[in-house]
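Here is the structure we will look at.
The values are calculated or read from the model by the stated rules, or taken from the named source; none is laboratory data. Quick caveat: nothing in here was measured; it's all calculated off a predicted structure. We place every Cβ from the backbone using ideal geometry, glycine too, and count neighbours over all the protein chains shown. What goes into the accessible areas is simple: the full protein's heavy atoms, side chains included, and nothing from ligands, DNA or RNA. Shrake-Rupley method; radii C 1.70, N 1.55, O 1.52, S 1.80 Å.
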Amino acid sequence: MQTLYGSEPDDNTLRLLFEKLPFGGAEQILDEIAQLQYDFPLSINLFNFKGAIWNRLGDVVKSTRCYRRAILLRPDEGQFYSSLGNVFYLTQNYSGSTKLFCRAKVNQPNNRNTHFNLGNSYREQGDLERAALCYKRSLELDNRFIDGYNSLGLILLELKEINEAELLFNTALQIDKAFSKGYNNLGLVQKHKNDHETALKNFKRAICIEPDSPNLYFNLGETHWKEDEFLIAFKCYLKEFVICDDNKELLGAIGLSLLLMRFTKPSFLVEQVIHQVLKRKTSCKPLHAVTAALSIIKNNYKNIELINPPKENEHDFQGGLKHLRRVAENQLFMELITLCSIPDKGCEDFLTFARRFITLNLEKLLDEPSVLSLSSAIALQCYVNDFMFVDMPEERTIVSKLEETILTSLAGGATPPSIFLSCLASYKPIIKYPSMRSIKFPLELECLKRRQLLEPLEQITLRETMPSHGKIVRMVSQKVQAQYEQNPYPKWVKLHLSKPMLLDEIAVVEGLKIFDKSILKVVKPEVLIAGCGTGQHSITTANSFLNSRVLAIDLSLNSLAYAKMKTRKLGINNIDYLHADILNLDKLNRQFDIIESIGVLHHMADPLEGWQILRRMLRPSGMMRIGLYSARARKSVTAVRNRFKGNYSQLGDDELRSLRAKARNSSDNHWRTVLESGDAYSLSEFRDLALHVQEHQFTISQIEDLLSDLNLKFCGFVLTDYTMRQKFKKHFPEKNTEFDLKKWDVFEKNNEYTFAGMYQFWCQSAT
Ligand SMILES: C[S@@+](CC[C@H](N)C(=O)[O-])C[C@H]1O[C@@H](n2cnc3c(N)ncnc32)[C@H](O)[C@@H]1O
């Protein structure tokens, strides 16, 4: 008998197939379907079923093909559009899934799930209003549909309709008392309302019901953080990490919290967490994590002596090699030293020793892959710290010979051994040698090639094409420019980027007092960064203000080129860079909603003159973020600077290096204090910290006077050390004291290093 096109296997056969599915064996079922398709080549049910199985097996292409055939054969059946829509949704093709669910709706106008799925697709595309309408329709069709209440509630929460959202989560919980998402979302509502105590209770309830569900511990941690319970928050983040180790927001939160964490016990988990955070491109600023990371590395019993040079004589080859191999095994340490300067004396000694050991024993280390990895990591460390480690005469002789050997072999068309290259690159950057530009680097040295050769080459091009505004004519500007051309500050690899926010959200997060609320309504802020340095500042700001357009200017072309290169690499496209002196900005004839100048005005001949120019560029309700040195916190720097009687600019890199080495061994208390700063472990940072060609310092009462002269009002300090705010609140628990500069002055008197970085604060036009 001939099979009719479109005929189907009988219901019983299909039912038996369906029943097998929960017991696995998808491949076997696919075989059985294939046999049935021989008799029923155009069976719609078989295509549909096969589509579901391929989907379950994760084969999107095959699953899509099956559903498309089912649609072709039965274009009036809404379910097939829905099934294909689900595949598109799961593969994040949301515009495709939206079209399919819309089509499904035509045939299934009263299907609750179709409306719900369509709502999800709209939500993923950011169309919250349409999404809300779909969820509402799904609830009209089924008024006990918990997921409908929940999803609609989340949209309302996002739209800041907090009370309506709360009502919906409560309705969902009335239907199902064990609906953990409901408690979690109620917690989010309470967090919005600053009712942290109830929020904590709700998150905990959700965790009791579904302990392994993602985000619950994260939300709990975030709330503890808001309550200044930093350690408890960190522990929650760790629990969340065990559930889901690649949540970007979580890793960002951990990255921020590491600034405050110090570990006194070994923990494999903590090591893993920090390593994961550091590996990410934008989860943390490595300098913020480095002390926490070193504390856990040092606590691991295997690493007790890890980052101190071995006691043995350095000519003990076997002893030294064993030590280096052991260090190379520590993945966290190896990652860390490639990312930022390491503010630790023991580490500096070890890395100086390791570099020397490798140099003195090069020939014996040709077949030592772990030593090659370490040597390459040391070269990256030396690049970020501007080759700050001190070398011995003996080493210098070998490095000169090594340089010659490498250049000769390159001239003869041969590629030198990898360890030769990494060793040389730990004393001098590869970019210095034009003949290295054409060689093929081995895989292990890829990162070194990128950072020491490709990126600097890119910067040369960017420098040449940097737009300029006016000439740098003033003497101090020229001196300061020369310093930053020689040592662009800071040389950074990674940074922390958080979710972009609107101005009103930023004001809440930073706890600012806003005098003219019209600024909060600006949805596309224009921002000026006056003195953007190497881009850490401009990129962070451009990313944090949603829909912003940023103009970032600086005196130093090398800094700007570095900034632009990093901006491109991070895919940030709302920053324009311009080579200019603040003193020439008047002629730009532009105004801005936000102006930021951090660590810049105090390097001008007359900071007030610079500030006045910026002030004139501020829109009427605009806000400024300013960073100025604190005289109190920099008392030791001043003592050290005074010994040089103004001759800082004459120090070349070599002199600076040996000066720092001497200072390191000195028993002078001021030098000690200066060297305790994290900024003393790279040449450019050290120069910036202690021997700047131009520096002014301020007191809080001077700042108060300046603000009054400039007709600006103080909106609040930005404190990187969160514990200081906690301490201040304990001292001055009354409401709004954090906006009283006189109180801060008293506080600083008793806590001299509160503003060790600098005073960083927001201020606004006083209209
Ligand atoms: C210490 S860095 C700070 C960079 C950046 N704001 C940050 O926080 O990372 C100071 C920067 O200000 C720049 N600068 C100093 N005086 C300036 C001026 N008159 N006009 C423009 N830029 C200036 C320097 O070139 C340098 O890059």
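Each part reduced to its alpha carbon centroid, the stretch 592-624 and the stretch 25-74 end up 66 Å apart.
When only Cα pairs below 8 angstrom with a gap of at least 6 residues are kept, the chain shows a relative contact order of 7 percent.
Would you kindly state how much longer the chain becomes between LYS265 and GLU197 on full extension, computed as 0.36 nm times their sequence separation minus their alpha carbon distance, in nm to one decimal?
Numbers: separation 68, 0.36 × 68 = 24.48 nm, distance 3.04 nm.
Result: 21.4 nm gained on full extension.
On the basis of the beta-carbon distance and an R0 of 41 Å, GLN92 and LYS345 show a calculated FRET efficiency of 0.25. From the alpha carbon centroid of the stretch 153-204 to that of the stretch 448-471 is 50 Å. Only helices enter the 222 nm calculation for the chain: every DSSP H run of n ≥ 4 contributes -39,500 (n - 2.57), and dividing by all residues gives -17500 deg cm²/dmol, rounded to 500. Taking every protein chain into account, the accessible area of the stretch 1-140 amounts to 57 square angstrom per residue (probe 1.4 Å). Once the C-beta distance of LYS727 and THR461 is scaled by a Förster radius of 60 Å, the resulting FRET efficiency is 0.80 to the nearest 0.05.
Just the number, please: carbon plus sulfur as a percent of the accessible area of the stretch 214-304, 1.4 Å probe, no ligands or DNA/RNA counted. Numbers along the way, then the final one.
Numbers: 2170 of 4060 Å².
Exposed carbon and sulfur together represent 54 percent of the surface.
Placing a pseudo-label 7 Å from each Cα along the Cα-to-Cβ vector at GLU8 and ALA605 gives an inter-label distance of 8.9 nm. Taking 17 Å as the straight-line reach from the Cα of LYS743, the lysines in range (excluding those fewer than 8 positions away in the same chain) are LYS513, LYS713, LYS727, LYS729, LYS730, LYS735.
The figure for ARG619 is an accessible area of roughly 70 square angstrom, using a 1.4 Å probe on the protein chains alone. Seen against the Cα atoms of the chain and their longest principal axis, helix 345-360 is set at about 80 degrees. Site pair LEU741 and ALA411 shows an inter-label distance of 6.4 nm when each label is modelled 7 Å from Cα along Cα→Cβ. Here's the list of lysines a cross-link from LYS587 could span, going by alpha-carbon distance under 17 Å and ignoring same-chain residues fewer than 8 apart: LYS471.
Over all projection directions, the Cα-based convex hull of the chain averages an area of 41.2 nm².
Between VAL106 and ASN750, the contour length at 0.36 nm per residue exceeds the alpha carbon distance by 224.7 nm. Over what distance in Å are the Cα centres of the stretch 503-558 and the stretch 680-709 separated? Using only Cα atoms to place each centre, the spacing works out to 22 Å.
Cross-linked pairs LYS181/LYS521; LYS279/LYS494; LYS248/LYS279; LYS285/LYS566; LYS136/LYS191: Cα-Cα separations exceed 21 Å for LYS181/LYS521; LYS136/LYS191. The angle between the Cα long axis of helix 196-209 and the longest principal axis of the Cα atoms of the chain comes to about 50 degrees, rounded to the nearest 10. Take the stretch 214-304 with all the other protein chains still there, run a 1.4 Å probe, and you get 45 Å² of accessible area per residue.
Choose one of LEU628, LEU118, THR91: the residue whose Cα lies farthest towards the positive end of the charge dipole of the chain (beta-carbon charges +1 Lys, Arg; -1 Asp, Glu; about the Cα centre). Farthest along the dipole direction, towards plus: LEU628. When you count the other C-beta atoms within 10 angstrom of each residue and take the mean per peptide, 336-348, 662-674 line up highest first as 336-348, 662-674. Computed over protein heavy atoms with a 1.4 Å probe, the carbon and sulfur contribution to the accessible area of the stretch 672-763 reaches 47%.
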